[in-house]
Amino acid sequence: MSDDSSSNGIDEYIAGFPESVQARLREMRATIRDAAPEATETINYGSPTFQLHGNLVHFAAFKNHIGFYPTPSGIEAFQDELSFYKGAKGSVQFPLDQPLPLDLVRQIVQFRVAENQAKAAAKSKKKAKK
C-alpha cells in the first residue's frame, strides 16, 4: 500500500547504486514490506522510509554497508542479536560482504509495527477520554 510517487522515489534511490547493492536494497525493501504490509513507503532524510503511525524504519546504502534504522527502541529490543554488527543508538550496519540477516530484519520490523500500533491506540484512547 504505497502511492506511486513515493515508490518511484525509492525505485530511483535503488537504481542509483551498483547492481550488487541494488539487489540487497530490494531484499531489504521486500522484507520490510512483507513484515509491515500496511506501511507506506516514502523518502525521508534522503533514505527509503516505511511509515505506519509515524516513522517505522529507514534503510540506506553506503560504500561498505547497508544501514538499517529501526529507532533506538528497535535496536535496544534486539541488542543481543545485533551485537555482531556495528551500530549506534538507532542504527545498525550490515556489511556488504556478508548476507543480510533478513529474518532478524523481519522480527525488528514486526516489533516496530506493534510498538507504533500500541502508541497510536494509546493516543486515540487518550483523545476519546477528552
Item to check | Unique match (being in contact with a Leu (Cβ under 7 Å, 6 or more places away or on another chain), at pLDDT 95 or above and closer than 17 Å to residue 40 by Cα) among 64, 116 | outcome: 116
Checklist outcome for this item: Taking region 34-63 and keeping only residues that are part of a loop (DSSP other than H, G, I, E, B), over 22 Å from residue 20 (Cβ atoms) and among the aromatic types (Phe, Trp, Tyr), one is left with 45
Checklist entry - Out of (1) farther than 15 Å from residue 115 by Cβ; (2) crowded, with 20+ Cβ neighbours inside 10 Å, the odd one out for residue 20 is which? => result (2)
Next on the checklist: So the check is Cβ under 7 Å with 6+ separation or different chains; which pairs have a first residue in region 78-95 that's in contact (Cβ under 8 Å) with a residue 24 or more places away in the chain and within 16 Å of residue 28 (Cα to Cα) and a second one that's part of a loop (DSSP other than H, G, I, E, B) and of a type outside the set (A, V, I, L, M)?
Outcome noted: 92/85; 93/85; 93/86; 94/85; 94/101; 95/64
Item to check | Residues being in contact (Cβ under 8 Å) with a residue 40 or more places away in the chain and in contact with a Lys or Arg (Cβ under 7 Å, 6 or more places away or on another chain) - total across region 42-70 | outcome: 5
Next on the checklist: Out of everything in region 75-112 that is in a helix (DSSP H, G or I) and touching a strand residue (DSSP E or B) at 6+ places or on another chain (Cβ under 7 Å), what residue ends up being farthest from residue 51 (Cα to Cα)?
Outcome noted: 82
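The values are calculated or read from the model by the stated rules, or taken from the named source; none is laboratory data. This one's a predicted model, so the numbers in the text were calculated from it and none came from an experiment. Glycine also receives a Cβ, built like all others from the backbone with ideal geometry; neighbour counts cover every protein chain displayed.
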